[in-house]
Structures are given as structure tokens and as C-alpha cells.
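Read the structure below first, then the notes.
The values are calculated or read from the model by the stated rules, or taken from the named source; none is laboratory data. The shown structure was predicted, so the numbers you read here are calculated from the model rather than taken from an experiment. Note that we place each Cβ from the backbone using ideal geometry, even for glycine, and neighbour counts take in every protein chain shown. For the accessible areas, the whole protein counts, side chains as well, though only heavy atoms, and no ligand, DNA or RNA atoms are used. Shrake-Rupley method; radii C 1.70, N 1.55, O 1.52, S 1.80 Å.
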Amino acid sequence: MTTPELNKRDTLIDAYFGEYGGQYVPDALYPVLDQLEAAFVEARKDPEFLAELAELQKRYLGRPSPVYECANLPLAGRGRGKARIFLKREDLMHGGAHKGNQVLAQALIAKRLGKTRLIAETGAGQHGVATAMVAALMGMECAVYMGATDVARQQPNVRRMRMMGAQVIPVTNEDGGSMANAIDVAIGDWARNLETTHYVLGSACGPHPFPVLVKEFQAVISRESREQMLELTGRLPDAIVAAVGGGSNAIGSWAEYLKDMPGNADVKLIGTEPAGEGLDTDRHGAPLNRGVIGFLHGSRSYVVRGATDDEVGESYSISAGLDYPGVGPEHAYLMDIGRAQYVGVTDAEALQAFRMLSRYEGIIPALESSHALAYALKMAEDAEETGEEINILVNLSGRGDKDMEYVSNILGDLLFEDPATHPVPLDIKVSDILSGMITESNEREVGRSVEYHS
């Protein structure tokens, strides 16, 4: 891939994880990135800021989120008695996901900088909901850019955002409109409105300082879970499994375990990328498994391979929140040094896990989180075969209310059958169903959309 040379500007915090990260943006954005970094460095050592954030996380979001041990999963013959699966219940947070953890922090920093308007991109809508609810809380204007594909499959969250006063702007292109397109348009908005606007980037990707900032404020997940697992089991988990798109929930669920603390080195960190219709097809969103090193949205990391090595390809996933052609730079670094393992989970496997947790635990997970759960269930089956005893912690990053209509359209009456006896067909294809949903959604959104041009 023909790429710019490494751009090592002077920053207050190292902008790189190994060779990944940096600030590959138009010159006009350097001052605002520097301003944000300076405000972040000041805020994270300011007791008043930290106390206000902690109070909001407790009283507004509902932290700490509990760790729950599955009562019925894995099933007998599929790991029961060998594997114990624990869920870090980020789905119980206000807004329905982990996203509020760092949105609150970014909004507080934005207010310190005198900003009056928040903008965001969103895929699954969970980050958009978090931004909309925090903007409402703090009396700020809010605009959320969302790929037209995602507007179609996440209508419940579109309605939530608009009800809370946010302007939701569908981003369209000839391929439907993706989260990556929404980020491009949001960056353009930010560049035009730097004086009044803060861009609340939703994941641990993008230009420095966003990957560091997002990790810092999502790390509350792992600070809690480390203490909770020690209290529940007397030891750390053997493995922590989290879904990886841009990478915020995974890096937050791992952050405390990346520190030099007793026992941490023995905890396996496993990220599940969306394998879509298969890693050997062009219908996936797995840059760490099948990508190349490139530049996307101001950062150097792995990206989905395009038609040539000089192009970033289109990503695909049944899950809107994982449908992104890049990944945060720290994940690239963790893979390279062997500290974390990244695996692919297909649409069919995620749908099956979605049904299994719903039927056997009474918890409807987000499709994003279902990718992590699917791999945990596979690990349990492997433990059944090997006789290994293993404790697995899954970061249940969001709840699945938003996905119910979408999944129902895909599965029809199969949704209501027992998934243990009526599994999802391995060759299921979502594309045709999604295409029809996009057409209907675009007709509803006439007059609200903006068109993306690469």
C-alpha cells in the first residue's frame, strides 16, 4: 500500500502504539487535536473533573455494572461443568451499552473548552444514543451522522436519538452508506465548525489523542471486572472475550489486565472480528485477520484490503457496530506483540449466540456482543473435549433491543424456535434482506440525508 511516511509530531502523550497510530489529518485539525490533548491531560489529573465524572457514571449511567455468571450456558455436553461463562453487563448501563462511559468524559472536556455542540458518528446507534442523551443532559446541540445502511437496520436507536433532540443525518453513497462514510462526513463537519463543535469519536481509533482518550475512560470496565472476578471466583479469568470493530469495548475490557499486575500476564485476551459470510470471502470486516497496514481516518493501523493494496476496501458485517474497515491502533500493536489474539466470527455464529443467550439466560444481547459470546461458547465446547476447566469473561457490551426487528426480518419464525435444536443455517445470507430494508429506509429519510463522495 502506498502510504505517507510516519508522521511523528511533538505531542504531550506518545501518539503511537509501536508503529501504529499517529495524526494523519489536514493541517487545520492539528491545533484542535493539540487543544483536546492538553485538556485531556489536565482533566485526568484534576480531582474535581474526576469526581464529577465518577458521580455521573454512578448516578446517571448506573455504574458499576455487575458481573453475572451464566446459570444455564454452556449446555450439558457443550462445556457444562468444564467452562464457566461470566458476563460483564455493560448492556445494563443507561443508553444500553458501554458507550456512555467515555461520552460523558468527552462532553465534560468539551464544555471546559467552551464548546456548545457535540457531533458523532454511529453504526449500531449506541454511540449516537450516548451522545444524544449526554448532549440533552448538558444542554448542548447534537448532530449524529449515520450510514444509510445502519439507519435502516437500527431504527429503534434512530428514534431514540431524535426523541432526545439530536439531528440524525443519514449518509448515503452508491453502496448504501456505511459507518466509515459517516466518520468522513463528521470529520468534515468538525473541520468547518471548530470553534463551537467537539467531535465525540466513538471508538478507540482515529487520530491521536482519541485512541488514548477513549481507552482511558472505557478502562472503568476492566477496573471493575478485575475486582469483581477476584471476589466471585478468587482468581482472575482465564480469558476475556470482546467484540472488535473500532475496538473501544475490547480495549476498555482489557485495559486493567494490560498493566503490570500479579496474574495479568496469564489472562488471555481474545478479540472477535466480524467474519461476515466468511474470512475467505470479500464479505467481512476483519482487518486484523485479513487486512493490510494502511491509513484510515487519521491513523495508521490495519485496514480491510481493497481491490488493490493501495485501496481501503468495504467492510461488511451483520452487526452495524462492527461494520468498519479499520481497527484501533492499539489492537494492531497488541496483535503484533502477541498479547492479544483476534479471531473471526461469522454472521451465522453471531445470530446463533444471540438466540442462545436470549433463550437460555433471558438476556437479549446486541449483535456486536453476540460475536464475543459465540466464541466463548466455542471455547466451552473445546473445554468439553479437552477436559480443561476454564473461566471465561465476556464483555456484554450492549443489549439487543435495537436488533430485534432486524433479526426478526432475517430469521422469520426460526427466531422463536429452540436454538439448541433448530440452529441458524451456516450458509445464511443477510444481504438481500438488508437491501430491502435500506430501500424502505431511504424513502423515509428523503430530505434528511447527505451524500458521501470519496
**Matching residues, region 337-359, being of a type outside the set (V, I, T), surrounded by 24 or more Cβ atoms within 10 Å (Cβ to Cβ) and over 25 Å from V67 (Cα atoms)** = D347
**Message:** Within region 352-409, take every residue that is assigned to a helix (DSSP H, G or I) and of a type in the set (S, T, Y) and give me the one that is nearest to the chain's Cα centre (by Cα).
**Reply:** S369
**Request:** For region 176-195, state whether one or more residues are farther than 27 Å from G22 by Cα, over 16 Å from the mean Cα position of the chain (by Cα) and either in a loop (DSSP other than H, G, I, E, B) or of a type outside the set (F, W, Y) (or both).
**Result:** yes
**Request:** Pairs only if they're at least six apart or on different chains, beta carbon under 8 angstrom, first in region 147-167 and buried (at least 24 other Cβ atoms within 10 Å of the Cβ), second at pLDDT below 90 and among the charged types (D, E, K, R); list them, first residue then second.
**Result:** A148/E445; V151/E445; A152/E440
**Selection count, region 350-371, where residues are touching a helix residue (DSSP H, G or I) at 6+ places or on another chain (Cβ under 8 Å) and either small (G, A, S) or free of Cβ contacts under 8 Å to residues at least 60 places away in the same chain (or both)** = 7
**Close pairs from region 181-204: first closer than 26 Å to V244 by Cα and in contact (Cβ under 8 Å) with a residue 24 or more places away in the chain, partner outside any strand (DSSP E or B) and polar (S, T, N, Q), Cβ under 6 Å, at least 6 apart** = N181/N173; V200/Q106; V200/T131; S203/S248; A204/S248
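Residues are listed down the side, and each one gets a yes or a no for (1) touching a Leu at 6+ places or on another chain (Cβ under 6 Å); (2) open to solvent by 50 Å² or more (accessible area, probe 1.4 Å); (3) modelled with pLDDT of 95 or more; (4) outside any loop (DSSP other than H, G, I, E, B):
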| residue | (1), (2), (3), (4) |
| --- | --- |
| I13 | no, no, yes, no |
| L36 | no, no, yes, yes |
| R63 | no, no, yes, no |
| A76 | no, yes, yes, no |
**Message:** Just the residues that are assigned to a helix (DSSP H, G or I), open to solvent by 70 Å² or more (accessible area, probe 1.4 Å) and touching a residue at least 12 places away in the same chain (Cβ under 8 Å), please, taken from region 43-54.
**Reply:** E52
**Message:** Just to check your reading of the model, which residue among Q57, Q23 is surrounded by 19 or more Cβ atoms within 10 Å (Cβ to Cβ), assigned to a loop (DSSP other than H, G, I, E, B) and modelled with pLDDT of 95 or more?
**Reply:** Q23
**Prompt:** So which residues in region 78-96 are over 22 Å from T131 (Cα atoms) and either open to solvent by 20 Å² or more (accessible area, probe 1.4 Å) or modelled with pLDDT under 95 (or both)?
**Reply:** R78, R80, G81, K82, R84
**Criterion: in contact with an Asp or Glu (Cβ under 7 Å, 6 or more places away or on another chain), buried (at least 22 other Cβ atoms within 10 Å of the Cβ) and of a type outside the set (S, T, N, Q) - qualifying residue of L334, L396** = L396
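Regarding G285, is this residue at positive phi and crowded, with 19+ Cβ neighbours inside 10 Å? Spell out how you get there, then give the answer.
On the way: at positive phi: no; crowded, with 19+ Cβ neighbours inside 10 Å: yes.
In short, no.
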**Asked** out of contact with any Pro (no Cβ under 6 Å at 6 or more places or on another chain), open to solvent by 10 Å² or more (accessible area, probe 1.4 Å) and on the phi > 0 side of the Ramachandran plot: does that describe G362?
**Response** yes
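Working carefully through the options T421, T439, find the one that is open to solvent by 10 Å² or more (accessible area, probe 1.4 Å), of a type in the set (S, T, Y) and either part of a helix (DSSP H, G or I) or modelled with pLDDT under 95 (or both).
T439
Looking only at region 125-174, count how many residues are in a strand (DSSP E or B) and under 18 Å from the mean Cα position of the chain (by Cα). Outline the logic, then answer.
Here is the first cut: in region 125-174, the ones in a strand (DSSP E or B) are 141-147, 167-172.
Now restrict to residues that are under 18 Å from the mean Cα position of the chain (by Cα): 144-147.
The number of residues fulfilling the criteria is 4.
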**Failed item in (1) touching a helix residue (DSSP H, G or I) at 6+ places or on another chain (Cβ under 9 Å); (2) closer than 17 Å to E69 by Cβ; (3) open to solvent by 30 Å² or more (accessible area, probe 1.4 Å), with T233 passing the rest** = (1)
**Prompt:** out of contact with any helix residue (DSSP H, G or I) (no Cβ under 8 Å at 6 or more places or on another chain), surrounded by 13 or more Cβ atoms within 10 Å (Cβ to Cβ) and part of a loop (DSSP other than H, G, I, E, B), is that true of N72?
**Reply:** no
**Message:** Need the failing condition index for D309 against (1) of a type outside the set (A, V, I, L, M); (2) part of a helix (DSSP H, G or I); (3) more than 15 Å from the chain's Cα centre (by Cα), just the number.
**Reply:** (2)
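Going by what's in this entry, would P211 be described as within 16 Å of the chain's Cα centre (by Cα) and within 21 Å of I109 (Cα to Cα)?
Numbers: within 16 Å of the chain's Cα centre (by Cα): yes; within 21 Å of I109 (Cα to Cα): yes.
Yes.
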